[in-house]
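Trainee: Here you go, one structure.
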Amino acid sequence: MDFELSPEQRLLRDTLRAFVDQKIRPVAQEWEAEGRYPDEIAAGMAEMGLFGLTVPEEYGGLAADMVSLAIVFEEISRGWMGVAGILGSHSLSCWMIARYGTPEQKAAYLPGLATGDRRTGIALTEPGAGSDLQGIQTVARRDGDGYVINGRKTWITNARHADPLPVLVKTDPAARPAHAGMSVLLVEAGTPGFEVVRDLPKLGYRGPETCELVLDDVRVPASALLGGAEGRGLQQVLAALETGRVNIAARAVGVAQEAYDQALRYAGQREAFGQPISGFQAVQLKLADMAIKLQGARLMTYWAAAKADAGQRNDLESGMAKVYASDVAQECAFAAMQVHGGYGYSREFTVERLYRDAPLMVIGEGTNDILRTVIARALTSGRGVVG
Ligand SMILES: Cc1cc2nc3c(=O)[nH]c(=O)nc-3n(C[C@H](O)[C@H](O)[C@H](O)COP(=O)(O)OP(=O)(O)OC[C@H]3O[C@@H](n4cnc5c(N)ncnc54)[C@H](O)[C@@H]3O)c2cc1C
């Protein structure tokens, strides 16, 4: 068993850390408060090739291993979790197109997606269905040599930048089980009838836009069907979400690490009753608990990522890592706020942002309660084993 990163992974981490210190930390507080889209940071990430993290090398991508992917999301989230959102659903959909796309779809989209000239996201959630994806109402009706899509999607991150945007639809709404009639269509920006109607106001996760979309008689060619066969959409999306959960777990580790770092630093500087507050046992217990849980979350995240790198199924592991790390991020953000006393409640201190950003990881890419049911199913069926 080897708990060390490889020399390449260490170099990646150090490079990312320097990028975050130089380009993200100095502006994060101000731009986040303004709700400003960090174009300059996105350009820097493109220069580093990060939009190609999950794109195969033959299409110009980095084809990064999952541990490296986790390192990228962890380091960026230490600086500003919202920025990681720009890469999150983009990387997930690049992976999905690379894995399931037809040769024509890969050739058309992956080179541009790898450089960041094109961006993408993923449109699953609807006003009436999030966890229950088989309950979606968006329908794509076959019409001549294409499909006509009608429906509404909500909470779609990167929607204004995505081209193409993979959209989960029902190609056969009468199919039973419902997933047998579900497909993914790659909808290009500017297609008539496809409209981003509003940006949703959010507690945190500011930076990337998260939007509501309307698809009103949107006509796409049959070649927009991911993989070229109907009825595979839910399976394609669920497989992609497995990689997405490692990214969410890693973002949570980044937020937890930053909360811990801020708390440790502040506890050493702030004095009360004639001594630094780090001398009080109640503060020490918080710091120790944060460090213990944070390191546990990191190990679990790398474990899930390493399983994927070994080519093994990792839905149980990535689910466990996502649930644990996101709970830990919330706990650490709140503990860091408590260590900061009144200042922790101030918008002038980073911990206030961490406290607002942390809950997204509990909700996104499968709520923690849904994932607990998935984990339990794997355990009780004997498919997943712990110990
Ligand atoms: C900032 C942000 C960005 C997002 N970005 C995207 C994106 O880019 N693309 C996208 O498609 N979606 C995105 N989402 C949507 C997100 O994936 C969903 O919000 C999430 O999957 C939950 O779905 P829901 O909101 O419909 O909640 P619901 O499914 O309605 O769940 C509500 C509550 O009921 C519980 N619940 C539901 N069913 C069960 C069950 N069977 N057992 C136990 N408990 C259950 C849930 O755990 C939850 O607590 C984003 C959300 C947010 C907040």
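Trainee: So which residues in the stretch 298-321 are over 16 Å from the mean Cα position of the chain (by Cα), more than 20 Å from Ala63 (Cβ to Cβ) and hydrophobic (A, V, I, L, M, F, W, C), if there are any at all?
Mentor: Residues satisfying the conditions are Leu299, Met300, Trp303, Leu316.
Trainee: Would you check if Ala329 is in contact (Cβ under 8 Å) with a residue 24 or more places away in the chain, away from the ligand (no atom under 16 Å from the Cβ) and surrounded by 14 or more Cβ atoms within 10 Å (Cβ to Cβ)? Walk me through it before giving the result.
Mentor: Numbers: in contact (Cβ under 8 Å) with a residue 24 or more places away in the chain: yes; away from the ligand (no atom under 16 Å from the Cβ): no; surrounded by 14 or more Cβ atoms within 10 Å (Cβ to Cβ): yes.
When the stated conditions are applied, Ala329 does not pass them.
Trainee: Right, something else. Give me a count of the residues in the stretch 238-278 that are under 11 Å from Ala336 (Cα atoms) and among the basic types (Lys, Arg).
Mentor: Counting residues in the stretch 238-278 that are under 11 Å from Ala336 (Cα atoms) and among the basic types (Lys, Arg) gives 1.
Trainee: Of all residues in the stretch 341-387 being buried (at least 16 other Cβ atoms within 10 Å of the Cβ) and of a type in the set (Asp, Glu), which is nearest to Gln262 (Cα to Cα)?
Mentor: If we take residues in the stretch 341-387 being buried (at least 16 other Cβ atoms within 10 Å of the Cβ) and of a type in the set (Asp, Glu), then Glu352 is nearest to Gln262 (Cα to Cα).
Trainee: Could you check the stretch 344-373 and list, in sequence order, the residues that are farther than 25 Å from Asp132 by Cβ, part of a helix (DSSP H, G or I) and not small (Gly, Ala, Ser)?
Mentor: Tyr345, Thr350, Val351, Glu352, Arg353, Leu354, Tyr355, Arg356, Asp357
Trainee: From (1) at pLDDT below 95; (2) surrounded by 12 or more Cβ atoms within 10 Å (Cβ to Cβ); (3) more than 30 Å from Leu203 (Cα to Cα), pick out the condition that doesn't hold for Asp2.
Mentor: Among (1) at pLDDT below 95; (2) surrounded by 12 or more Cβ atoms within 10 Å (Cβ to Cβ); (3) more than 30 Å from Leu203 (Cα to Cα), Asp2 violates only (2).
Trainee: Restricted to the stretch 227-281, and to residues that are crowded, with 16+ Cβ neighbours inside 10 Å and of a type in the set (Phe, Trp, Tyr), which residue is farthest from the chain's Cα centre (by Cα)?
Mentor: Tyr266
Trainee: Also, I was wondering about something else. Which residues, counting only those in the stretch 187-213, are over 24 Å from Gly101 (Cβ atoms), open to solvent by 30 Å² or more (accessible area, probe 1.4 Å) and aliphatic (A, V, I, L, M)?
Mentor: Val197, Leu203, listed by residue number.
Trainee: Could you list, in sequence order, all residues of the stretch 89-106 that are surrounded by fewer than 19 Cβ atoms within 10 Å (Cβ to Cβ), part of a helix (DSSP H, G or I) and in contact (Cβ under 8 Å) with a residue 24 or more places away in the chain?
Mentor: Selection gives Arg99, Glu104.
Trainee: Additional query: Pick out the one residue from Ser68, Ser77 that is within 16 Å of the ligand (Cβ to nearest atom), hydroxyl-bearing (Ser, Thr, Tyr) and either open to solvent by less than 10 Å² (accessible area, probe 1.4 Å) or touching a residue at least 40 places away in the same chain (Cβ under 8 Å) (or both).
Mentor: On the way: Ser68 fails: within 16 Å of the ligand (Cβ to nearest atom).
Result: Ser77 is the single residue among Ser68, Ser77 that is within 16 Å of the ligand (Cβ to nearest atom), hydroxyl-bearing (Ser, Thr, Tyr) and either open to solvent by less than 10 Å² (accessible area, probe 1.4 Å) or touching a residue at least 40 places away in the same chain (Cβ under 8 Å) (or both).
Trainee: Could you list, in sequence order, the residues of the stretch 118-131 that are near the ligand (Cβ under 6 Å from one of its atoms) and either part of a loop (DSSP other than H, G, I, E, B) or modelled with pLDDT under 95 (or both)?
Mentor: Gly121, Ile122, Leu124, Thr125, Gly130, Ser131
Trainee: Moving on to the next point. When you go through Arg141, Arg160, Arg152 one by one, which is the residue that is more than 10 Å from the ligand (Cβ to nearest atom) and under 18 Å from the mean Cα position of the chain (by Cα)?
Mentor: Just a single option satisfies the conditions, and that option is Arg160.
Trainee: Could I ask something else about it? Output the number of the condition that Leu168 fails; it satisfies all remaining conditions of (1) assigned to a strand (DSSP E or B); (2) open to solvent by 60 Å² or more (accessible area, probe 1.4 Å).
Mentor: Every listed condition holds for Leu168 apart from (2).
Trainee: For the stretch 92-107, which positions are in contact with a strand residue (DSSP E or B) (Cβ under 9 Å, 6 or more places away or on another chain) and of a type in the set (Gly, Ala, Ser)?
Mentor: Answer for the stretch 92-107, where residues must be in contact with a strand residue (DSSP E or B) (Cβ under 9 Å, 6 or more places away or on another chain) and of a type in the set (Gly, Ala, Ser): Ser93, Gly101.
Trainee: Looking only at the stretch 356-370, decide whether some residue is touching a residue at least 24 places away in the same chain (Cβ under 8 Å) and away from the ligand (no atom under 16 Å from the Cβ).
Mentor: So far as the stretch 356-370 goes, no, none of its residues is touching a residue at least 24 places away in the same chain (Cβ under 8 Å) and away from the ligand (no atom under 16 Å from the Cβ).
Trainee: With respect to Asp289, determine if the residue is open to solvent by 20 Å² or more (accessible area, probe 1.4 Å) and within 28 Å of His90 (Cβ to Cβ).
Mentor: Judged against the criteria, Asp289 is not a match.
Trainee: If we scan the stretch 174-183, do we find a residue that is touching a strand residue (DSSP E or B) at 6+ places or on another chain (Cβ under 9 Å) and away from the ligand (no atom under 16 Å from the Cβ)?
Mentor: yes
Trainee: Considering only residues that are open to solvent by less than 30 Å² (accessible area, probe 1.4 Å) and not in a helix (DSSP H, G or I), which ones fall in the stretch 32-63?
Mentor: Correct list: Pro38, Gly49, Leu53, Thr54, Val55, Gly61.
The values are calculated or read from the model by the stated rules, or taken from the named source; none is laboratory data. This is a predicted model, so every value here is computed, not measured. Note that each Cβ is placed from the backbone with ideal geometry, even for glycine, and that neighbours are counted across all protein chains shown. Each accessible area value is taken on the protein alone, full model and side chains, heavy atoms only, with ligands, DNA and RNA left out. Shrake-Rupley method; radii C 1.70, N 1.55, O 1.52, S 1.80 Å.
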